[in-house]
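Participant: Before I ask anything, let me first share the structure, which is written out below as structure tokens.
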Amino acid sequence: MWVNALLFFVVGTVVGSFLNVVIYRLPRNESIAFPPSHCPKCNHKLAPWDLIPILSYLFLEGRCRYCGEPISWQYPVVETITGLLFAVASFLPLPEMIFFIIFVCFSIAISWIDLQTMLIPEVLILPLIAVLVLSRTYTYQWFILTGAFSLFLIHLIIHLIVPDGFGMGDVFYAAAVGLMLSPHLLLVWFVTTYALGTIVGLSLIGLNKMERKTPLPFAPIMFAGTLITYFFGSYIYNWYLTLFL
């Protein structure tokens, strides 16, 4: 079991390396396939030993082998997060493991791009929704579709009332979240996610990192709320029931 987890971690770091390419190139309208991986500062083509996830960054001490410019810490962080979540996925039963891995890959790219640009590319969010809808339909999990529609509708209403609060990318991502969670956990997700958003927002304001009216990239917070709810939502839900019922 733990050997599988280690194998999944290694595969996850490789996938994370590819996600870094997506995160960097997609907002710049560059091809994710060509040209081959290169230093964004000096444009030198990277050798295979420069592309070993996590380890290359450590061996090179965070600097390009060819020009000496610093390498963004984004690269090892994305690779590590992806690897860890793949390792966690190895403990899930099929087909849920596949759904989780698909969601994680798209969500990491979506979250990081949202952090950097305040935009969620349609080329990522729409395929994610399509794949999850087909997957849930194929496995006859129709009830999950109702939760996805509910989250989509709630966030669409919020977007229409407060246009600066959410973009349509957030609205569609909420639908994707609904496709990952059982309907009875959506309230847990809602409370968890918005509590996280409040804590992060107030903390950044308190540290003078953002102003009160500055929009907050919400996809990373929604993703974090989804992970918490996915793994701990049932415990939170049952605790809530024992408290008030």
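The values are calculated or read from the model by the stated rules, or taken from the named source; none is laboratory data. Not measured: the values here are computed from a predicted model. Heads up, the Cβs are rebuilt from the backbone with ideal geometry, glycines too, and the neighbour counts pull from every protein chain shown.
Participant: Restricting the search to the range 145-185, which residues are crowded, with 20+ Cβ neighbours inside 10 Å and touching a Lys or Arg at 6+ places or on another chain (Cβ under 7 Å)?
Facilitator: Within the range 145-185, just Leu179 meets the criteria.
Participant: Output the number of the condition that Asp114 fails; it satisfies all remaining conditions of (1) outside the structural domain of Val15 (by TED's automatic domain parsing); (2) assigned to a helix (DSSP H, G or I); (3) over 30 Å from His184 (Cβ atoms).
Facilitator: Single failed check for Asp114: (3).
Participant: While we're looking at this one, here's another question. Return a yes/no flag: does the range 73-91 have any residue that is surrounded by fewer than 14 Cβ atoms within 10 Å (Cβ to Cβ) and over 23 Å from Ile144 (Cα atoms).
Facilitator: Yes, some residue in the range 73-91 is surrounded by fewer than 14 Cβ atoms within 10 Å (Cβ to Cβ) and over 23 Å from Ile144 (Cα atoms).
Participant: On to the next question. Could you please find all residues in the range 20-34 being of a type outside the set (Val, Ile, Thr), surrounded by 17 or more Cβ atoms within 10 Å (Cβ to Cβ) and closer than 14 Å to Val123 by Cβ?
Facilitator: Of everything in the range 20-34, just one residue is of a type outside the set (Val, Ile, Thr), surrounded by 17 or more Cβ atoms within 10 Å (Cβ to Cβ) and closer than 14 Å to Val123 by Cβ, namely Leu26.
Participant: Shifting gears a bit: Within the range 127-144, which residues are within 17 Å of Cys105 (Cα to Cα) and surrounded by 13 or more Cβ atoms within 10 Å (Cβ to Cβ)?
Facilitator: The answer is Leu128, Ile129, Val131, Leu132, Val133, Ser135.
Participant: Taking the stated definitions as given, is Phe149 closer than 30 Å to Ile54 by Cβ and touching a residue at least 12 places away in the same chain (Cβ under 8 Å)?
Facilitator: no
Participant: What pairs come up if the first residue lies in the range 193-216 and is over 30 Å from Leu181 (Cα atoms), the second is assigned to a loop (DSSP other than H, G, I, E, B), and their beta carbons are under 8 Å apart, counting only those six or more places apart or on different chains?
Facilitator: Listed by first residue and then by second, the contacts come to Ile205/Glu211; Ile205/Arg212; Met210/Leu216.
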